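K.L.:
The structure's right below; bear with me while I get my questions together.
The values are calculated or read from the model by the stated rules, or taken from the named source; none is laboratory data. Everything numeric in this text was worked out from a predicted model, so none of it was measured. Ideal geometry is used to build each Cβ from the backbone, glycine not excepted, and the neighbour counts take in all protein chains shown.
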Amino acid sequence: MRNRTSPAGDEPTEEGTAAPEMPPLAVAEVAQPAAPVPNEPALEEPLTWAKKLGKFGKDPKFSINKKPRQAAPSWDHAAADQIHGWSLHAQHSATPLRITKEAYLAALVAAGEPDKSGNYLPHPEALSPFKRASY
């Protein structure tokens with residue numbers, strides 16, 4: 001039989017014999033996500049807040065042949081979406097816009113009540129960075 005060098009290259013082995021044992025691979029430890037801070041407000045997407053607060057769903061008043069139409073947002077959620085650029089953010093960003101419940105509710109109020117000059121101004125905490133350039 002011919003002599004060959006081992007995979008480590010240090011000592012010759014004969015064909016048919018087992019290669020020397022390799023050291024075990026080191027396993028990287030995966031960092032666990034930090035537990036949420038209890039005093040920190042919850043951040044959710046505007047659509048998630050709409051579903052949780054009943055601002056998104058089927059409305060029996062708007063039915064076709066006595067069947068409720070497809071689920072749709074309420075008028076104030078749809079208006080806030082346009083003023084604050086939530087759908088625009090979803091189109092242009094890989095990460096969702098996440099806001100607090102208070103910011104979402106303030107955005108709904110801002111979308112439903114114009115200022116003294118008749119303009120609908122967005123709530124700053126609920127405004128998408130993609131919409132900021134226009135205000």
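K.L.:
Going through region 34-43 one residue at a time, which ones are modelled with pLDDT of 65 or more and not aliphatic (A, V, I, L, M)?
P.N.:
Of everything in region 34-43, those that are modelled with pLDDT of 65 or more and not aliphatic (A, V, I, L, M) turn out to be Pro38, Asn39, Glu40, Pro41.
K.L.:
So, Pro73, is that one modelled with pLDDT under 90, buried (at least 17 other Cβ atoms within 10 Å of the Cβ) and within 20 Å of the chain's Cα centre (by Cα) or not?
P.N.:
On the way: modelled with pLDDT under 90: yes; buried (at least 17 other Cβ atoms within 10 Å of the Cβ): yes; within 20 Å of the chain's Cα centre (by Cα): yes.
For Pro73, the condition - modelled with pLDDT under 90, buried (at least 17 other Cβ atoms within 10 Å of the Cβ) and within 20 Å of the chain's Cα centre (by Cα) - is met.
K.L.:
Taking region 96-126 only, how many residues are within 18 Å of Glu45 (Cα to Cα) and basic (Lys, Arg)? Break it down into steps so the answer makes sense when it comes.
P.N.:
Narrowing region 96-126 to residues within 18 Å of Glu45 (Cα to Cα): 96-111, 122-126.
If we keep only those that are basic (Lys, Arg) as well, we get 98, 101.
Result for region 96-126: 2.
K.L.:
Follow-up. Give the residue that is nearest to Ala78 (Cα to Cα), with candidates limited to residues of region 49-62 that are at pLDDT 75 or above and part of a loop (DSSP other than H, G, I, E, B).
P.N.:
The qualifying residue nearest to Ala78 (Cα to Cα) is Lys55.
K.L.:
Further, regarding this structure: Out of everything in region 107-132 that is acidic (Asp, Glu) and assigned to a loop (DSSP other than H, G, I, E, B), what residue ends up being modelled with the highest pLDDT? Full working, then the answer.
P.N.:
Within region 107-132, the subset acidic (Asp, Glu) is 113, 115, 125.
Next cut, assigned to a loop (DSSP other than H, G, I, E, B) only: 113, 115.
On the way: Glu113: 92, Asp115: 89.
Within region 107-132, the match that is modelled with the highest pLDDT is Glu113.
K.L.:
For Pro46, work out the one condition from (1) more than 19 Å from the chain's Cα centre (by Cα); (2) modelled with pLDDT of 80 or more; (3) not hydrophobic (A, V, I, L, M, F, W, C) it doesn't fulfil.
P.N.:
(1)
K.L.:
Moving on to the next point. If you go through region 113-122 one residue at a time, do you hit one that is closer than 28 Å to Asn39 by Cβ and surrounded by 11 or more Cβ atoms within 10 Å (Cβ to Cβ)? Full working, then the answer.
P.N.:
Step one: list which residues in region 113-122 are closer than 28 Å to Asn39 by Cβ, which gives 122.
From the residues that got through so far, the ones that are surrounded by 11 or more Cβ atoms within 10 Å (Cβ to Cβ) too are 122.
For region 113-122, residues closer than 28 Å to Asn39 by Cβ and surrounded by 11 or more Cβ atoms within 10 Å (Cβ to Cβ): present.
K.L.:
Restricting attention to region 92-133, report how many residues are touching a residue at least 12 places away in the same chain (Cβ under 8 Å) and of a type in the set (S, T, N, Q).
P.N.:
Looking only at that region, the number is 3.
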